[in-house]
Amino acid sequence: MTDTPAHASLFTPLDIGPITLDNRIVMAPLTRSRSRVPGHVQTPLHALYYAQRAGAGLIVGEATQISREGQGYAWTPGIHTDEQVEGWKLVTDAVHNAGGRIFCQLWHVGAISHNCFQENNAAPVSSSVWTPEGEAFVGDYHPDGPTLPHPEARALDTDEIPRLIADYRHAARCALAAGFDGVELHAANGYLMDQFIRSSVNTRDDKYGGPVENRIRIVGEVLDALADEMDPGRIGIRLSPSGGAGGSSDADPKGTYTAVAKLCAGRGLAYLHVVRPNSHGGGDAAAAGEIVASMRAAFDGPLIVNGGFDPAEGARWLAEDRADAICYGRLFLANPDLPARIAADGPYNDPDPNTFYGGGAEGYVDYPTLKRKDVAA
C-alpha cells in the first residue's frame, strides 16, 4: 500500500523527544467509561482496543485520573494504585507488541465532578469556589444517576497545592511503572489546570491568581514535578483556548494561552497539543487559526493540533507547516486501522454514539478493519 499524494505529509516520521513516530497521525484521548469497578482498572478488553489502534504514530490514552479526588465521570480509569498500574501494563504491552507508542494523559477534573466520587462525599476542588454548568455523569455511583447537577466546588487552599503537585508526581511515577512511553499533562477542556488558567473561574488573591503569570504558575510547577520523574522529552501537554466542560472561559484566550505556550518552551518537552477553538465552543476558523499560530510561535517543540480534522485538512495543515502532527478522535474511535484507511483514501466507518460511554465490547472493539469487512460495525 502506498500513501496517496494528498495525504503524504501525514506519513512522514516525527521525532518527539527521544522517540521517533512512524507517522504524524495521533490518536486523541477518548473517554470511553469502561474501566472495571471497583478499582477503576483496565482489563484485557482495553488492551485489545488500544492494540487495534497501534498504527497511530502516537496514541494518547484516555484521560486517566491521578487520584480519587481527580475523578469526575463514571467508570474512568486511574493511575495511582498498584492495581491500576498492573491493569495499564496489559495495555502498554499490547500496544508495544503491535509496534505502537502510547502516552498516559494525566487528568484531574477539579470542579467537573460530584460528591459521590469524592472521599467521605466531600465537595470537589477547584482553583476557586465555582459551580460548573451542566451535569456530572455519575452512572450508577449515585442512586439518582446517571447524571446529576455539578455541586459547588471549594477553592484549594494555598497550602494544599504541594499535595496536589505530589499527586501528579506520583501518577507520573505510576505511568512509567505501567510501561507508558510518556505522559501528557491534561491542562485543557475546562478541567483543573484550566480552572487555574481561565479568568472566569480563577478569582484567587494569592500567587496562583490575578494576572496571567500567576494563573498559569501551577502549570509550570506541575511540569517541573513531572520532569523530576522522567525525561522532559517524554512529557507533552494539552491546552484548549476555548470551550470545554463547565462553561468556563478566558477574557483573552489568545494572550493567555500564548503565555502558557511560552511557559512550556525551553523545557525540552515532547510536544504541545492544542485543541483548536473552532471545534470546542465555537469561533470562526480565522480566529482559531490565529490563536493556534500564536501558540505555535511561542513554543519551541512539535505542535499537535486536534479538533474536527478530516484527513485532507490535516494533511494541508502539515504541508503548510501549521502543525507537526494531527490528532484524530472520532475517526479513530470507529476506524481502528485509521492510518491504513487514510493511505487508501477510505472508506471510513461511522461511529455509533450510543456506545461511546459505558458498556463492553460492542462499539468498542468490533468496528471492522479493511481486512475484516465481514465484522459488523
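The values are calculated or read from the model by the stated rules, or taken from the named source; none is laboratory data. All values reported here derive from a predicted model rather than from experimental measurement. Note that we place each Cβ from the backbone using ideal geometry, even for glycine, and neighbour counts take in every protein chain shown. Quick note on the areas: whole protein, heavy atoms, side chains included, nothing else; ligands and nucleic acids left out. Shrake-Rupley method; radii C 1.70, N 1.55, O 1.52, S 1.80 Å.
Straight-line reach only, C-alpha to C-alpha below 12 angstrom: list the aspartates and glutamates that LYS254 could link to, leaving out same-chain residues fewer than 8 apart.
Result set, ordered by chain and number: GLU290.
Can you check what the Kirkwood hydrodynamic radius comes to for the chain, Cα pairs only, in Å to one decimal?
20.6
Whole-Hz ³J(HN,Hα) for each residue in segment 307-318, computed from phi via Karplus 6.51 cos²θ - 1.76 cosθ + 1.60 with θ = phi - 60°, x for glycine and proline: what do you get?
x, x, 6, 9, x, 5, 5, x, 5, 5, 4, 5
Restricting to the chain, what percent of DSSP beta bridges are antiparallel, rounded to 5?
Antiparallel: roughly 20 percent of the beta bridges in the chain.
Just grab the label-to-label distance for ARG330 and VAL129, each label 7 Å out from Cα along the Cβ direction, in nm (one decimal).
3.9
In nm, what is the difference between 0.36 nm times the number of residues separating ASN354 and GLU152 and their Cα-Cα distance?
Stretched fully, the ASN354-GLU152 segment lengthens by 69.7 nm.
So what are the ³J(HN,Hα) numbers for segment 25-32, from phi and the Karplus equation (6.51, -1.76, 1.60; θ = phi - 60°), rounded to whole Hz, Gly and Pro as x?
With coefficients 6.51, -1.76 and 1.60, one gets 9, 9, 8, 5, x, 10, 5, 10 Hz.
What does the helix-only formula give at 222 nm for the chain: each DSSP H stretch with n ≥ 4 adding -39500 (n - 2.57), the total divided by the residues, and the result rounded to the nearest 500 deg cm²/dmol?
That calculation yields -8500 deg cm²/dmol at 222 nm.
Only Cα pairs within less than 10 Å get springs; with that Gaussian network setup on the chain, which residue of ARG163, ARG198, ARG215 has the largest fluctuation?
ARG163
Relative contact order for the chain: what percent, with Cα pairs under 8 Å and sequence separation of 6 or more?
Relative CO of the chain lands at 18 percent.
Work out the FRET efficiency for GLU213 and HIS96 from their Cβ-Cβ distance, taking R0 = 45 Å, and round it to the nearest 0.05.
After rounding, the FRET efficiency stands at 0.65.
Could you please state how large a percent of the accessible area of the chain is carbon and sulfur, counting protein chains only and using a 1.4 Å probe?
Ligands and nucleic acids excluded, carbon and sulfur give 50 percent.
Given a 1.4 Å probe, how much area per residue of the chain is accessible, in Å²?
Value returned for the chain: 37 Å² of accessible area per residue.
Can you tell me which of PRO241, PRO336, PRO351 moves the most in a GNM of the chain? Springs connect C-alpha atoms under 10 Å apart.
PRO351
Share of antiparallel DSSP beta bridges in segment 25-143, in percent to the nearest 5?
Antiparallel bridges make up about 10 percent of those DSSP assigns within segment 25-143.
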